[in-house]
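*Asks:* Starting off with a structure, shown below.
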Amino acid sequence: VIVKGLMLTNLNVFGDSTANVTDVAAAIRLTNATSVGPQPSPGDSVRVLGTVATRAGQPVLDSARVTAFQAGPPPAPVDQTTLQANTAEGGAHDAALVFLNNAVIQTDTATVNGDYTFSVDDGSGSVKVVPRSGRDLSPSASSLPARPSPVVVSWCRPGPGPGCSSPG
Amino acid sequence: VLAGIKVGLVAPGTTDTLFAKSTDASGNVIFTGLPLGDYTLVVDTNTVGDSVTVQKIDSTHVVLRNNASQQQMFVRVGFPSATVTEARALPAGTG
């Protein structure tokens, strides 16, 4: 099947070789994604040819071949609490770009499948975060403080707001 | 370009296949020496494959009025397009 949408991530920035793409209504994860032509960047309009499969109970496009045909800004994220993000609101926002405001780092966990992970909580319930290795948080960075001062974990957000920041 | 797709010519208003051939390695099928008259071009979708679909036939009406008549028809096959929402609802294995 072919879908058109906007890239939410680069290809293969996660240890499990996944990427995400969205259109105006929904998002979906790409697995075993490769590019046809130039590497797509977040915000690029792309055409994806893939086979529908299931991963972690959610649909994905496997063996995805991504063709980028127009550059553009990343789409606006969806505001969510950490509790909502934990289940992606029952899957409604699976694979979507979300913005978690005032989330505090709770635990600093080991690298899992090549990705550094930690959990954050805004008071509603925790969610595991997997930053893009080497960009948002270096996997080789020293451990985070066990109990840091409140740290806002922010994703890049266009327009007014806290913008991009990293924990630390 | 897909080979082995069965293309037929049927009498208009019927389902009677009068002539049929399969596409060659270049994706072409050529009918020659046809009796003058009108035909409707049909594609046997069972021969297209399970992951691609017939997306467009520019014209299905074949009209041969004299012995010099020639008509070229284009059939476009490809992978089906879907919105992300539609793709998420498709059964696993849909390519």
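The values are calculated or read from the model by the stated rules, or taken from the named source; none is laboratory data. Please read these numbers as outputs of a predicted model, since none were measured by experiment. Reconstructed Cβ throughout: ideal geometry from the backbone, glycine too, with neighbour counts over all protein chains shown. For accessibility, only protein heavy atoms count, side chains too; no ligands or nucleic acids. Shrake-Rupley method; radii C 1.70, N 1.55, O 1.52, S 1.80 Å.
*Asks:* What is the average number of partner chain Cβ atoms found within 10 Å of a Cβ in A:43-51? Each step should come with its number before you reach the end.
*Replies:* Numbers: counts 0, 0, 0, 0, 1, 2, 5, 4, 7.
The mean count of partner-chain Cβ atoms within 10 Å per residue comes to 2.
*Asks:* Leaving out ligands and nucleic acids, and using a 1.4 Å probe, what accessible area per residue does chain B come to in Å²?
*Replies:* Values: 6060 Å² over 95 residues.
On a per-residue basis, 64 Å².
*Asks:* Related question: Between the alpha-carbon centers of the range A:3-46 and the range A:66-108, tell me the distance in whole angstrom.
*Replies:* Here the answer is 14 Å between Cα centres.
*Asks:* Can I ask one more? Carbon and sulfur together cover what percent of the accessible area of the range A:10-78 at a 1.4 Å probe radius? Display every interim value, and only then the final one.
*Replies:* Values: 1570 of 3080 Å².
C and S fraction of accessible area: 51 percent.
*Asks:* Return the value, in Å² to the nearest 100, of accessible area buried between chains A and B (probe 1.4 Å, both sides summed). Please report the intermediate quantities before stating the final value.
*Replies:* Working: alone 8760 and 6740 Å², together 14170 Å².
Accessible area lost upon association: around 1300 Å².
*Asks:* To continue, here is another question. Regarding the range B:17-94, what is the average projected area of its C-alpha convex hull, in nm²? Each step should come with its number before you reach the end.
*Replies:* Numbers: hull surface 26.6 nm².
For the range B:17-94, averaging the hull's shadow over all directions gives 6.7 nm².
*Asks:* So which residues of the range B:54-93 lose at least 10 Å² of accessible area, probe 1.4 Å, when you go from the chain by itself to every protein chain present?
*Replies:* Buried by the other chains: B:79, B:80, B:81, B:82, B:83, B:84, B:85, B:87, B:88, B:90, B:92, B:93.
*Asks:* Now for a separate question. Collect residues whose amide H, placed 1.01 Å from N in the peptide plane, falls under 5 Å from the amide H of residue A:107; neighbours closer than 5 in sequence don't count.
*Replies:* A:119
*Asks:* Then there is this: For the range A:1-70, what is the accessible area per residue in Å² when the probe is 1.4 Å?
*Replies:* Values: 2870 Å² over 70 residues.
Each residue of the range A:1-70 exposes 41 Å² on average to a 1.4 Å probe.
*Asks:* Checking the cross-link filter: which lysines have an alpha carbon closer than 28 Å to that of residue B:21, excluding same-chain neighbours under 8 positions apart?
*Replies:* B:6, B:56
*Asks:* With a 1.4 Å probe and all protein chains left in place, how much of the accessible area of the range B:48-95 comes from carbon and sulfur atoms, in whole percent? Present the calculation step by step, with values, prior to reporting the outcome.
*Replies:* Numbers: 1600 of 3220 Å².
Ligands and nucleic acids excluded, carbon and sulfur reach 50 percent.
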